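One structure is given here, and the rest of the page talks about it.
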Amino acid sequence: MASIVYIYIYIYIYIYINFFFFFCSNHNLIDIKCNLLAIALSLLSLLALFLHWKRWVFNGVNKTKLTGVQFTYEIAPVFVLMEQLTLKKMREIIGWTNGDGDGLFSPGGAISNMYSVMVARYKYFPEVKTKGMSAAPRLVLFTSEHSHYSIKKAGAVLGFGKENVILLKTDERGRVIPADLEAKIIDAKQKGYVPLFVNATAGTTVYGAFDPINDIADICEKYNLWLHVDGAWGGGLLMSRKHRHKLSGIERANSVTWNPHKMMGVPLQCSAILVREKGILQGCNSMCAGYLFQPDKQYDVTYDTGDKAIQCGRHVDIFKFWLMWKAKGTIGFEQHIDRCLELSEYLYNKIKNREGYEMVFEGQPQHTNVCFWYIPPSLRVMPHGDKRREKLHMVAPKIKAMMMECGTTMVGYQPQGDKVNFFRMVVSNHAVTKSDIDFLIDEIERLGHDL
């Protein structure tokens, strides 16, 4: 019976993939075919495993939980092992010795960042777990003024308060100024506050900037602070030998957020919180519920990951990532990253000296974020001043609205600090082509010409 199942599934997948490929002549889809074939083989391997173990797996277990939820090893043994192996590999790539440490997949980068603040607080003030924030002095967190809002949100949700999340000044490229961090640490201590945590961003949301991790790590070691690196957007560059230097010093971090669902193209949601100290997630979050996490089970209970998470049951986010890694390989991810950076460089070089365009900051972007203003002909002769700024502020929203109405393309925009609305073009799909970039430029000029 099992053999018949294998044959039918294999024939179905083979016909589907080849039918799909027959109608798709784009050369990028060769990669898709290979990836789908590898995924199909991986799925067949897993099917064999489950059929072989079906009596053990299905004996007395709620079948609906096997495919969608993991909190104990016995509920989702294959997925737990996949997660453990993949997280270890990610820690090795970060540069932690032998991939030691711990980690979890969480519902997104915001939650991963919140985990980092929680474990930092537990590390220095473990009594907060039982007695609450009244057991700790006034604790402060530090993060870039360009960092993701989730650090502020973690401060609010975890009881620090937004006023105790201190924003650090950045240079013109959006990178933290280390001297400002040290000055603000000293100032906080003089006020009687206790500095606890520093967040360094590897790939800011708007500019794609990478904070100088090594310089920040020096300061954290000097003052005994927890260093977290939010690599939700930029962590994927660790897969590239050409670009991983932008995260130099990340191995010195106490914790790292890394979202494969961003730069690496894994389907939502797939975010990892990785910590260098083994056991601290368990210590921080464990509640030892006897009806789930019995210590005398017949297997190694460290595989019962539910007690070290703030959730109990977690969605199985590892499966799609594991399959994609098996299909593409580490080299495949590297090629994906390098291609996206190459495309963003192409866009930057094409518009940096082109009439009607102004770059938001000087120099080639560190990531795939290309930030620019399109200046319609009517504004090119207008003198700089408040009136021009007011009109320029409306250009990007109007062009984006027309793009969406036409159904041709869509590019994000936003203001930043004292800068009026500008376009922020990011590339995370390696199937994009240079002709797509050319079309985008032509479309912006077509729609914006008469504004």
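Scoring Met410 on the criteria (1) touching a residue at least 40 places away in the same chain (Cβ under 8 Å); (2) exposed (fewer than 13 other Cβ atoms within 10 Å of the Cβ) leaves a single failure, condition (1). Whenever a residue of the range 351-368 is surrounded by fewer than 17 Cβ atoms within 10 Å (Cβ to Cβ), its partners that are of a type in the set (Lys, Arg), lying with C-beta atoms within less than 6 angstrom and at least six residues away or across chains, give the pairs Phe361/Arg173. Cβ separations smaller than 7 Å between residues 6+ apart or across chains give the following pairs from the range 251-271 residues that are touching a residue at least 24 places away in the same chain (Cβ under 8 Å) to residues that are of a type in the set (Ser, Thr, Tyr) and assigned to a loop (DSSP other than H, G, I, E, B): Lys262/Ser428; Met263/Ser428; Gly265/Ser428. Being of a type in the set (D, E, K, R) and in a helix (DSSP H, G or I) is the filter here, so list the residues in the range 416-451 that pass it. Selection gives Lys434, Asp436, Asp438, Asp442, Glu443, Glu445, Arg446. Would you check if there is a residue in the range 256-277 being assigned by TED's automatic domain parsing to the domain that holds Val198, modelled with pLDDT of 75 or more, farther than 30 Å from Leu225 by Cβ and of a type in the set (A, V, I, L, M)? There is at least one residue in the range 256-277 that is assigned by TED's automatic domain parsing to the domain that holds Val198, modelled with pLDDT of 75 or more, farther than 30 Å from Leu225 by Cβ and of a type in the set (A, V, I, L, M). Sort through Phe79, Phe160 and tell me the only one that's in the same structural domain as Pro212 (by TED's automatic domain parsing), under 26 Å from the mean Cα position of the chain (by Cα), aromatic (Phe, Trp, Tyr) and at pLDDT below 95. The match here is Phe79.
For the range 220-242, a tally of residues being buried (at least 18 other Cβ atoms within 10 Å of the Cβ) and either of a type in the set (Phe, Trp, Tyr) or not in a strand (DSSP E or B) (or both) returns 12. Checking the conditions here, which among Asp338, Asp307 is assigned to a helix (DSSP H, G or I), acidic (Asp, Glu) and not assigned by TED's automatic domain parsing to the domain that holds Lys400? That would be Asp307, the only listed residue that is assigned to a helix (DSSP H, G or I), acidic (Asp, Glu) and not assigned by TED's automatic domain parsing to the domain that holds Lys400.
Against the numbered list (1) at pLDDT below 95; (2) surrounded by 13 or more Cβ atoms within 10 Å (Cβ to Cβ), Asn421 comes up short only at (1).
The values are calculated or read from the model by the stated rules, or taken from the named source; none is laboratory data. This structure is a prediction, so every number in the text was calculated from the model and none was measured. When we count neighbours, we look across all protein chains shown, and the Cβ atoms used for this are built from the backbone with ideal geometry, even at glycine.
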